[in-house]
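Remarks on the structure that follows.
The values are calculated or read from the model by the stated rules, or taken from the named source; none is laboratory data. Nothing here was measured: the structure is a model prediction, and the numbers come from that model. Glycine gets a Cβ as well: all are built from the backbone with ideal geometry, and neighbour counts include every protein chain shown. These accessible areas exclude ligands, DNA and RNA; they are computed on the full protein's heavy atoms, side chains included. Shrake-Rupley method; radii C 1.70, N 1.55, O 1.52, S 1.80 Å.
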Amino acid sequence: MIEINEKTLIYSSGLNKVKVVKRDGRSVEFNEAKITNALLKAEKKINGTIEVHSEERIQELVGLIIEEISQRFHNNVKIYEIQNIVEHILLDNCEYDLAKEYINYRTSRDFERTRATDINFTIGKLLNKDSQLVNENANKDSDVFNTQRDLTAGIVGKSIGLKLLPSHVANAHQKGDIHYHDLDYHPYSPMTNCCLIDFKGMLNNGFKIGNAEVEAPKSIQTATAQISQIIANVASSQYGGCSADRIDEFLAPFAEKNYDKHLEDAKNWIEDTSRHDEYAKSKTQKDIYDAMQSLEYEINTLFTSNGQTPFTSLGFGLGTNWFEREIQRAIFLNRIKGLGEEHRTAIFPKLIFTVREGVNRQPSDPNYDIKELALECATKRMYPDILNYDKIVELTGSFKVPMGCRSFLQGWKDENGKEVNAGRMNLGVVTLNLPRIALEAAGDKVKFWSLLEERLNILKDALVFRINRCKEATPANAPILYMHGAFGEKLQKTDSVDELFKNKRATVSMGYIGLYEVAASFYGGEWETNGEAKEFTLDILRALKEHTDDWGNELGYHFSVYSTPSESLTDRFCRLDREKFGEIDNITDKDYYTNSFHYDVRKNPTPFEKLDFEKDYPEYCSGGFIHYCEYPVLQQNRKALEAVWDYSYDRIGYLGTNTPIDHCYDCDFEGDFNPTERGFECPQCGNKDPKTCDVVKRTCGYLGNPQARPMVHGRHKEISSRVKHMK
């Protein structure tokens, strides 16, 4: 029998002064619980359970391990030295099975760390169509050549990127403490993330693409054609989404050029002067519709150099003159009509419609008819998402659409006091695994806050590295962005790109996942109505915002808190934590973590309950957020959706609609298809044929069409799961 004597307890308390030196060079507090948990996990692996006497036996072994460490080390101890002591104590006490399992676990972890940077190993996974590689992005078709090439390049970029990262950042990413987003592109290349393209400046002042000097367009048709070319080039020079802010307003002057031309024709050919305006408007209306239709088709048929359609968002809704209203109408009429002879739902661009009191919110407002069209479009095509003007200004300091999916710029003025939004960008995201901190704290809030502080120090280093790597780009690396106007200012080849990043012009973002799971670990799975629990989650976001504000003031870049874009990350963090901690009710037992501040989807709240619960969070994460509400089929009940939109106006800034819009062309069923192992299936006639089915799901901030391309076995159920838990 192993005994823990008084001397062992003295040694244990003495270890409070000992620092553990990690493989990546960091020094952390000695944590006895990590040794205990590792041995308990090994015991459970051997016997399938942990008996009371087994737990006591392991505690005794840990006591001997601590005694040995205390005798040999008084200041610093390296991690591998602790592991060697653990192994020898186990062997000395004839715990051969436990020693074998512990050694195997440590060795496998070392193998995984090495494999992550082994290009040959990861390319082998790609050739074998490993689902975690080929399905990481729902809008990338891994069967086509250019996507395969991009995935191969991404593997090389990710492997090299992990070696470029500071060792403690790379280690934290590989373990799942944090997630360094878009490692396939950055830091291998000093690319930026998402942006608001300065379309107004480029269209009015001219720009250059490749060898072509492009002059300002003289019609709306030419303007939209130029927009699609700009989008293709920008999307190939960065790795995130891009947005057109107030497209109705900046395109209106070009539509007016069409009107002027048609008015001249009318004067030349129509004697009745009273008909001149009517003729010119009729012709211009057709031009606007055709131009917006062409833009929708062109965006959906574009393929960038990274093998996917550009993730594009169009923001509109505030324009009130005739041209601006007609552009808004044309966008909605084209989207409602759908693509092709079968009128399929367009995946891109994402439509973002702004609701504003006095413009379109009330029946008495001049653009209320456009809002009615927006409601019809949302019930049939899921877009538009809506922005509530006044709330966006309150939350972010000025009005603008998000960059791409949900990344918001904060209000910013240049040296002349002019507000600037278009031409600004994000430098990347690193996301924090909050549930893991809660699991490690094991109910101890003091420990939770201490661990959070430790992780935030790592995350800061990761974000600072992102900034510094982006600053290493030259204007010649991405001429469309830096030299030809997409980022607003036009730099020369020898200029520093930091001119467009510093003084908080650019953002860099701290993401987070799993507020629900954190609160569940301390208060149980039904905590949403517990005021103390909710205040705890708000305190967490307050702490994140306080840190990012401090970092921004210290370094001169806008560090923001971002409610994470995480198509596959919610799965990855949960999978890693289930391997580490086992299945824990309401945390790791669900196969996913709840994204950001969202309400637990398993509880099915009403839209009004969900909005009331979530409305308090974006104040602390205004660098990126979106709310979703789930509905049944709404096509015959637009007033129900309008009631939610109206209810949201004074409460939240950004709202997405999720309603079943799948369509079967065999039996004309419209609604929600069933996910099966071999594809989505019409619940009415059993049709699975992608040629006669239109299946559209929201898998992140954007829509996706999982039925439109072959997928690996079971992928459709995975997409269906993501659709639910992303909300």
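Pairs meeting the criteria (first residue in the range 492-509 and within 21 Å of SER622 (Cβ to Cβ), second residue open to solvent by 70 Å² or more (accessible area, probe 1.4 Å) and outside any loop (DSSP other than H, G, I, E, B), beta carbons under 9 Å, at least 6 apart or on different chains) are ARG505/GLU499. The residues of the range 188-206 that are of a type in the set (Phe, Trp, Tyr) and modelled with pLDDT of 95 or more amount to a single one, PHE199. Residues of the range 399-409 that are surrounded by fewer than 24 Cβ atoms within 10 Å (Cβ to Cβ) and at pLDDT 95 or above: PHE399 alone.
Do we have any residue at all in the range 478-498 that's in a loop (DSSP other than H, G, I, E, B) and under 21 Å from the mean Cα position of the chain (by Cα)? No; the residues of the range 478-498 include none that is in a loop (DSSP other than H, G, I, E, B) and under 21 Å from the mean Cα position of the chain (by Cα). Across the range 415-448, the qualifying residues are those that are open to solvent by 50 Å² or more (accessible area, probe 1.4 Å) and out of contact with any helix residue (DSSP H, G or I) (no Cβ under 8 Å at 6 or more places or on another chain), and the one among them that is nearest to VAL508 (Cα to Cα) is GLU419. Could you please let me know if ALA255 is open to solvent by less than 20 Å² (accessible area, probe 1.4 Å), among the small types (Gly, Ala, Ser) and more than 29 Å from the chain's Cα centre (by Cα)? Judged against the criteria, ALA255 is a match. Residue check: PRO675 meets all listed conditions (1) at pLDDT below 85; (2) under 27 Å from the mean Cα position of the chain (by Cα) but one, namely (1). Kindly evaluate GLN285 against the criterion of being outside any loop (DSSP other than H, G, I, E, B), open to solvent by 70 Å² or more (accessible area, probe 1.4 Å) and under 25 Å from THR222 (Cβ atoms). Against the criterion (outside any loop (DSSP other than H, G, I, E, B), open to solvent by 70 Å² or more (accessible area, probe 1.4 Å) and under 25 Å from THR222 (Cβ atoms)), GLN285 qualifies. If you check ALA216 against the conditions, is it modelled with pLDDT of 95 or more and within 30 Å of THR564 (Cα to Cα)? The answer is no for ALA216. Can you pull out every residue in the range 606-618 that is in contact (Cβ under 8 Å) with a residue 24 or more places away in the chain and not hydrophobic (A, V, I, L, M, F, W, C)? Once the filter is applied, which keeps residues that are in contact (Cβ under 8 Å) with a residue 24 or more places away in the chain and not hydrophobic (A, V, I, L, M, F, W, C), the range 606-618 yields PRO607, ASP612, GLU614, LYS615, ASP616, TYR617, PRO618. Checking each residue in the range 154-187 for being charged (D, E, K, R) and at pLDDT 95 or above picks out only ASP177. Applying the selection to the range 288-314, what residues are among the charged types (D, E, K, R) and either part of a loop (DSSP other than H, G, I, E, B) or surrounded by 19 or more Cβ atoms within 10 Å (Cβ to Cβ) (or both)? Across the range 288-314, the qualifying residue is only GLU296. Taking the criterion of being surrounded by 14 or more Cβ atoms within 10 Å (Cβ to Cβ) and among the small types (Gly, Ala, Ser), the residues of the range 632-688 that qualify are ALA640, SER648, GLY653, GLY656, GLY671, GLY679.
Residues in the range 222-233: is at least one open to solvent by less than 40 Å² (accessible area, probe 1.4 Å), in contact with a Gly (Cβ under 7 Å, 6 or more places away or on another chain) and more than 23 Å from LYS286 (Cα to Cα)? There is no residue in the range 222-233 that is open to solvent by less than 40 Å² (accessible area, probe 1.4 Å), in contact with a Gly (Cβ under 7 Å, 6 or more places away or on another chain) and more than 23 Å from LYS286 (Cα to Cα). When residues of the range 612-638 are filtered for being assigned to a helix (DSSP H, G or I) and either more than 18 Å from PRO384 (Cα to Cα) or hydroxyl-bearing (Ser, Thr, Tyr) (or both), how many remain? Counting residues in the range 612-638 that are assigned to a helix (DSSP H, G or I) and either more than 18 Å from PRO384 (Cα to Cα) or hydroxyl-bearing (Ser, Thr, Tyr) (or both) gives 6. Could you tell me whether ASP272 is at pLDDT below 95 and either open to solvent by 40 Å² or more (accessible area, probe 1.4 Å) or not aromatic (Phe, Trp, Tyr) (or both)? Yes, satisfied. Looking only at the range 238-247, filter to residues that are open to solvent by 10 Å² or more (accessible area, probe 1.4 Å) and modelled with pLDDT of 95 or more; which one of those is nearest to HIS186 (Cα to Cα)? Taking the candidates together, the pick is ASP245. Entry remark, the range 228-244: residues being out of contact with any Phe, Trp or Tyr (no Cβ under 8 Å at 6 or more places or on another chain) and either within 17 Å of ASP385 (Cβ to Cβ) or of a type in the set (Asp, Glu) (or both) number 1 in total.
Just the residues that are open to solvent by less than 30 Å² (accessible area, probe 1.4 Å) and either assigned to a strand (DSSP E or B) or in contact with a strand residue (DSSP E or B) (Cβ under 9 Å, 6 or more places away or on another chain) (or both), please, taken from the range 575-604. If the condition is that a residue be open to solvent by less than 30 Å² (accessible area, probe 1.4 Å) and either assigned to a strand (DSSP E or B) or in contact with a strand residue (DSSP E or B) (Cβ under 9 Å, 6 or more places away or on another chain) (or both), then ASP577, TYR593, THR594, ASN595, SER596, PHE597, HIS598, VAL601 are the ones that fit.
So is GLU532 open to solvent by 50 Å² or more (accessible area, probe 1.4 Å) and acidic (Asp, Glu) or not? Yes, satisfied. Yes or no: ILE35 modelled with pLDDT of 85 or more and closer than 19 Å to GLU81 by Cα? Yes: the conditions hold for ILE35. Out of GLY582, GLY511, which single residue is more than 30 Å from ALA42 (Cβ to Cβ) and small (Gly, Ala, Ser)? That would be GLY511, the only listed residue that is more than 30 Å from ALA42 (Cβ to Cβ) and small (Gly, Ala, Ser). Report whether or not ARG329 is open to solvent by 50 Å² or more (accessible area, probe 1.4 Å) and farther than 14 Å from ASP385 by Cα. Criteria met by ARG329. Collect the residues in the range 527-554 that are over 18 Å from ILE437 (Cα atoms), in contact (Cβ under 8 Å) with a residue 60 or more places away in the chain and out of contact with any helix residue (DSSP H, G or I) (no Cβ under 7 Å at 6 or more places or on another chain), keeping them in residue-number order. Scanning the range 527-554 gives a single hit, THR548.
Say whether the condition of being farther than 21 Å from TRP645 by Cβ, aromatic (Phe, Trp, Tyr), at pLDDT 95 or above and more than 22 Å from the chain's Cα centre (by Cα) is met by at least one residue in the range 388-398. Break it down stepwise before answering.
Of the range 388-398, the ones farther than 21 Å from TRP645 by Cβ are 397-398.
In the following step, the residues that additionally are aromatic (Phe, Trp, Tyr) were identified as none.
Scanning the range 388-398, I find no residue that is farther than 21 Å from TRP645 by Cβ, aromatic (Phe, Trp, Tyr), at pLDDT 95 or above and more than 22 Å from the chain's Cα centre (by Cα), so the answer is no.
Among the residues making up the range 465-489, a single one is surrounded by fewer than 18 Cβ atoms within 10 Å (Cβ to Cβ) and either of a type in the set (Val, Ile, Thr) or in contact with a His (Cβ under 7 Å, 6 or more places away or on another chain) (or both): THR474.
Among strands (runs of 3 or more DSSP E) entirely within the range 166-280, having at least 1 residues that are hydroxyl-bearing (Ser, Thr, Tyr) and within 29 Å of CYS405 (Cα to Cα) singles out 178-180, 242-244. If you check GLU546, GLU526, GLU532 for being farther than 29 Å from TYR185 by Cα and not in a helix (DSSP H, G or I), only one passes: GLU526. For the range 554-574, a residue qualifies if it is aliphatic (A, V, I, L, M) and either modelled with pLDDT under 90 or outside any strand (DSSP E or B) (or both), and the qualifying residues are LEU555, LEU569.
In the range 67-82, the residues that are polar (S, T, N, Q) reach residues that are open to solvent by less than 50 Å² (accessible area, probe 1.4 Å) with C-beta atoms within less than 6 angstrom, at least six apart or across chains, in these pairs: SER70/GLY14; SER70/LEU15; ASN76/VAL21.
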